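First up is the structure itself, then whatever we jot down about it.
The values are calculated or read from the model by the stated rules, or taken from the named source; none is laboratory data. On a predicted model such as this, the values are computed, not experimentally measured, just so you know. Methodologically, a virtual Cβ is constructed for each residue, glycine included, from the backbone with ideal geometry; neighbour enumeration extends over all protein chains shown.
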Amino acid sequence: MPPATTTVLDAKAMERTLRRMADEILELASGSDNLVIVGIQRRGVQLADRLVALIKSRDGLEIPRGALDITLYRDDLQTVGPRPVVGKTDLPFDLEGKLIVIVDDVLYTGRTVRAALDELADFGRPARIALAVLVDRGGRELPIHADIIGKKVDIAASDRVDVHVSELDQKDAVTIVRRDAA
Amino acid sequence: MSAPLGKDLVGLEGLSREQLQLVLDAAEGFKEVSERAIKKVPTLRGQTIVNLFFEASTRTRVSFEFAEKRLSADTVNVASSGSSVSKGETLVDTARNLEAMRIDMVVIRHPSSGAARFLAERIKSNVINAGDGTHEHPTQGLLDMLTLRDKFGKLDGLKVCLCGDVLHSRVARSNIFGLRTMGAEVAICGPRSLLPGDVGQLGVTVFDRIEAAIEWADALNVLRLQLERMSAGYIPSLREYNRVFGVTRERLDRAPRDLLILHPGPMNRGVEIDSNVADGPHSVILDQVTNGVAVRMAVLYLLAGARAEPSRGGDAR
Amino acid sequence: MSTQPVLLKGGRLVDPSQNLDAVGDLLVQDGKVVKAGGKIAGPDGAIVIDAKGKVVSPGFIDVHCHLREPGREDVETIQSGAESAVAGGFTAVCAMPNTNPVTDNQAAVGFIIRQAQRANAARVYPIGAISVGQLGQAMAEMGEMVGAGAVAVSDDGKPVVSAQLMRTTLEYARSFGIPVADHCEEPTLAHGGAMNEGVVSARLGLKGIPDEAEEIMVIRDILLARRTGGHVHLCHMSTKGSVELIRWGKDRGINVTAEVCPHHLHLTEDAVEGYNTHAKMNPPLRTWADVEALRAAVKDGTIDCVATDHAPHHYDEKEREFSDAPNGIVGLETALAVVHTALVSSGVIGLPDLVNRMSVMPAKVFHLPGGTLRAGSVADVTVFDPAETWTVDATRFRTKGRNSPWTGRQLTGRVHATLVGGRVAWQLGG
């Protein structure tokens, strides 16, 4: 059977979901002025930018935004080979005592988040690190969970979740590609 | 894309524009690591790298060692003096012994042209050429290219002149091969006794006078003049070399544009380059050194991944 | 000494010494050629070899090889070298004196002759050193060495640097009528060189040896031959310029002869790519223009003969950095195939020319027996198949050397049998 693609979030639904996530982030921070948001390269950075903009437009708060490229902290160099181009890691603030919300597009095995935690630890000692993801697809290989989840989906290991953001992909959408539907 | 450079980096000759571009782009990402408070990432944790130096070198060896350590690799330095190498062991035996100790990578500096390739063909570990005789010094070529790209924004159409002892320079060869592939125009300038005779066939322009080279070029890469070239009779004296071929402030002041000045080091101040040029506003000699670490990290990273088993492909999403 | 008669049936007899090129039989007996041509009925008890489709020619003679004994018996002995020779169709070889100790005296010459007799394969003719110890200083006892069996003198492996020594050697050699063979290399120009100087050496970062390193010595030797009337033989010519200088000398009636190696007729400096030490030799492999000039010189006779410069080395001596690896390759067992592939298959020369350059002329230039199938001459004969294409496998060589650039390559022309003094010294598959 050819792969079948279904849309689980269209542009409108994605916008609504991000708005809810922004609210939950503020709730989690409960008025702390130590909140910073750190997106994981690549699409986590765009999502982090959206969340920062939403918080600013609705609550008037300027939340600092950082970017993290976890390529050099991956544990699979020997199995999948190098990602040829390493993205930018940019944390323009001191991590000491901060409440960091890591933002990523999809939470799956948990290995990316593990790498992000390792990398953040090399930059400083935050007060707390929380995780916000647009999609949680299950299938964890490490004891890691998200504090804030946009959408939960339950799919087979052979399926793939694609997050599209208009900055990079000309549209906003979350789709699932089912490969072995039989 | 699991082996973008293949197993080894023996030279820049034969690498495609895409491959060179890839190393330079990857190096860009590694620059930032050296700016962190903790200058270390776990990328090559558990990997063993031997720095096998059959020739004295401080700069290149230290640069490689920093690159390796900042990627968390375990490194061992073997220098020719005091090693089994100086006891007459052949290179092939040295290679087999290293292999038997299950190392992952070898960085080799050797006085014979072709030695890095010789080693690469005989061991399974990745081999990186850190300078082989008068053949190539690919990571130096790459860091020169990265430095030029940083300053000019591109290499395509850039006019770069290599000045001095091209005949005996591995740096010159790597620059010629790499820059030409990237679309730069390359010239060489120096006394004809220190230029290869058939060099025109390598696709470079030859200038007999340094004044003409300065008039033409956007950047000068001033090569180190090995002092023993004088005793070997290639030039009459260092004094005369400086007077006729030296890159001096006075000569640069007459140029139609500001020239970027590169030098692979170590410099002979007052011979091939004057101090006020080396320390002047257009010198990027220290940027080269900084970029050297990033380029070497990129090369180590790209080659280490080349040993990946292609069992699981792609990102888990 | 009486040996069993041998009858070679139905081969193409190619013998330029008597302008013979016809299908026919050849009978040899008691070490001599009895009859060449026509249909011959074999005497009782004769060994009959079917030579149909093959060429039967006077035995090849190599005027330049290195048999390494005494001194490096681990890489070659006179025994293994002489067996390698017959496997390559050579019925006689001339052994260069750069052994250890150097073949620079009567006793050393006698030793080689005795070892060759024991080997009982190809004939081995010693070449004596020009200078004592090949040091380029005092002339060695040429007369004594010739008396013991030396057929020429040479300091090969090294050039005769002193023009004065070369002059006196050419003069002195006139008394004995032997050629003085010179390895033409101007040492200060060639110093430290590992390959041809040109675009490939510039790219690979290897020090080059310019053509002029050879040509300067070529013209010096020709001029000294003109001055002295001595016979100078120029070893392993490699450049177009050398060919032009030799032609200049021969046009003026100067007593100069020259040889070329199979590899210089077939390979160029490109073979060095990848730092292939089996393409490292001295003189180095040159350019295609040189190869073409050398081929033309073989055709027109400017170059008199093909010689192998067979130079066995221990395998691990070649298994090292290019600049540290020794010069030279083995050549006895591939010479015919390489020359045939390079010159005959490509249409530059015909088979009679090949036999002329590998047998007739070497005998003439070095004044050796053989080089002809005339009745009554020594029964040194080579039988080869000019059409057979085979893949070179150095592990099957009779020589101890495995250093061949042709390993794995396909060549056309294969030796099937070699008769030395009327005895079947070697047969393919035999």
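How many residues does segment B:133-176 hold that are in a loop (DSSP other than H, G, I, E, B) and within 22 Å of residue B:251 (Cα to Cα)?
Selection size over segment B:133-176: 4.
Could you run through segment C:180-196 and say how many residues are touching a Phe, Trp or Tyr at 6+ places or on another chain (Cβ under 9 Å) and either in a loop (DSSP other than H, G, I, E, B) or of a type outside the set (A, V, I, L, M) (or both)?
The qualifying residues number 1.
Can you tell me which residue within segment A:88-114, out of those that are outside any loop (DSSP other than H, G, I, E, B), within 9 Å of chain B (Cβ to nearest Cβ) and out of contact with any Leu (no Cβ under 6 Å at 6 or more places or on another chain), is farthest from residue A:145 (Cα to Cα)?
A:90
For residue A:166, state whether it is surrounded by fewer than 18 Cβ atoms within 10 Å (Cβ to Cβ), within 12 Å of chain B (Cβ to nearest Cβ) and either over 15 Å from the mean Cα position of the chain (by Cα) or under 30 Å from residue B:46 (Cβ atoms) (or both).
Taking the combined requirement at face value, the residue does not satisfy it.
Answer yes or no as to whether residue C:357 is away from every other protein chain (no Cβ under 14 Å) and among the basic types (Lys, Arg).
The answer is yes for residue C:357.
From the list B:120, B:172, exactly one residue is within 14 Å of another protein chain (Cβ to nearest Cβ), aliphatic (A, V, I, L, M) and buried (at least 24 other Cβ atoms within 10 Å of the Cβ). Which is it?
After applying the criteria, what remains is B:172.
Condition check ((1) in the same structural domain as residue C:82 (by TED's automatic domain parsing); (2) surrounded by fewer than 24 Cβ atoms within 10 Å (Cβ to Cβ); (3) more than 29 Å from residue C:60 (Cβ to Cβ)) across all residues:
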residue	(1), (2), (3)
C:130	yes, no, no
C:137	yes, yes, yes
C:141	yes, yes, yes
C:147	yes, yes, no
C:155	yes, no, no
C:164	yes, yes, yes
C:177	yes, yes, no
C:181	yes, no, no
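Can you tell me which condition residue C:133 does not meet? The list is (1) more than 23 Å from residue C:259 (Cα to Cα); (2) in contact with a Phe, Trp or Tyr (Cβ under 7 Å, 6 or more places away or on another chain); (3) not polar (S, T, N, Q), and all the others hold.
All conditions pass for residue C:133, except number (2).
Looking at C:341, C:302, can you tell me which residue is of a type in the set (S, T, N, Q), away from chain B (no Cβ under 14 Å) and either without any contact (Cβ under 8 Å) to a residue 40 or more places away in the chain or in a helix (DSSP H, G or I) (or both)?
It is C:341.
Got a number for residues in segment A:11-33 being modelled with pLDDT of 95 or more and assigned to a loop (DSSP other than H, G, I, E, B)?
The total comes to 0.
Go through the residues of segment B:188-209 one by one and say whether even a single one is within 23 Å of residue B:22 (Cα to Cα) and either hydrophobic (A, V, I, L, M, F, W, C) or not in a strand (DSSP E or B) (or both).
no
Just one of (1) within 22 Å of residue B:7 (Cα to Cα); (2) within 13 Å of chain C (Cβ to nearest Cβ) trips up residue B:195, so point out which.
In the conditions (1) within 22 Å of residue B:7 (Cα to Cα); (2) within 13 Å of chain C (Cβ to nearest Cβ), residue B:195 misses (1) alone.
Considering only residues of segment C:1-36 that are within 28 Å of the chain's Cα centre (by Cα) and assigned to a loop (DSSP other than H, G, I, E, B), which is surrounded by the fewest Cβ atoms within 10 Å (Cβ to Cβ)?
For segment C:1-36, the residue satisfying everything is C:19.
Given the structure, is residue C:181 over 23 Å from residue C:324 (Cβ atoms) and touching a Leu at 6+ places or on another chain (Cβ under 6 Å)?
Here the answer is no, as residue C:181 does not meet what is asked.
So residue A:79 ticks every box in (1) part of a helix (DSSP H, G or I); (2) touching a residue at least 12 places away in the same chain (Cβ under 8 Å); (3) within 12 Å of chain B (Cβ to nearest Cβ) but one. Which box is left unticked?
With (1) part of a helix (DSSP H, G or I); (2) touching a residue at least 12 places away in the same chain (Cβ under 8 Å); (3) within 12 Å of chain B (Cβ to nearest Cβ) applied to residue A:79, the lone miss is (2).
The conditions are (1) assigned to a strand (DSSP E or B); (2) touching a helix residue (DSSP H, G or I) at 6+ places or on another chain (Cβ under 7 Å), and residue A:36 fails exactly one of them. Which is it?
(2)
For residue C:381, indicate whether it is buried (at least 24 other Cβ atoms within 10 Å of the Cβ), closer than 20 Å to residue C:49 by Cα and of a type in the set (Val, Ile, Thr).
yes
Can you go through C:415, C:424, C:348, C:392 and tell me which one is farther than 27 Å from residue C:314 by Cα and surrounded by 17 or more Cβ atoms within 10 Å (Cβ to Cβ)?
None of the others qualify; the one that does is C:424.
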